[in-house]
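The values are calculated or read from the model by the stated rules, or taken from the named source; none is laboratory data. As the structure is a prediction and not an experimental result, all values here were calculated from the model. Cβ: placed from backbone, ideal geometry, glycine included. Neighbour counts: every protein chain shown. Quick note on the areas: whole protein, heavy atoms, side chains included, nothing else; ligands and nucleic acids left out. Shrake-Rupley method; radii C 1.70, N 1.55, O 1.52, S 1.80 Å.
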Amino acid sequence: MADAPPELLLSPNPLWHYYWVSWGLVLFSILLVQLPVAYFTLVRPFDKKFEIKYYTLEKGIFYVSFLMRLFNYVAGILVQPYKDKPLKGLAQRFVNGRLGYQERVYKKTVNFRAHASGFQISLCYIMLISTVILFVGVIPLLIHDFILYPDFAAARNN
């Protein structure tokens, strides 16, 4: 990597290149693979199945509306098993809040988990893990660019 042109270097430390490439692959996977698959396998089937008419921002920006509905469906699928389990603190507030929100928005109780296939449930877990990697991955980026190698990051961005 020392022979690479300077404009191709992501960091003066070669180990960071592997991090950047793997984080970039996760971002690529989310934007160009997972979201289109989720639209056709999660959002459209649930919209049709439950005839949900209370879309937030549905007449506005499509992408924002799609992401909000996707979040609601994924949260409904993932938190449904914890509905009757004894939880404490923040976990209990999150589960009760998500399920209560769905009842207020959709004007009925919807058990998304019962109507989801195995592929849809797996896709929800993959999206959850990828989203955590996306947001947690920003922390090393900030540490790299602002603490470890600020001069290199400033030179790279010019």
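Within segment 14-40, can you find the residues that are within 21 Å of residue 116 (Cα to Cα) and open to solvent by less than 60 Å² (accessible area, probe 1.4 Å)?
Of the residues in segment 14-40, the ones within 21 Å of residue 116 (Cα to Cα) are 30, 33-40.
Correct list: 30, 34, 35, 36, 37, 38, 39.
Which count do you get for residues in segment 118-149 that are under 12 Å from residue 11 (Cβ atoms) and surrounded by fewer than 14 Cβ atoms within 10 Å (Cβ to Cβ)?
Number of matching residues: 1.
Matching residues to (1) touching a residue at least 24 places away in the same chain (Cβ under 8 Å); (2) open to solvent by less than 30 Å² (accessible area, probe 1.4 Å):
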site	(1), (2)
72	yes, yes
81	yes, no
85	no, no
107	yes, no
112	yes, yes
115	yes, no
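Among the residues of segment 35-43, is there at least one that is of a type outside the set (Ser, Thr, Tyr) and under 30 Å from residue 144 (Cα atoms)?
yes
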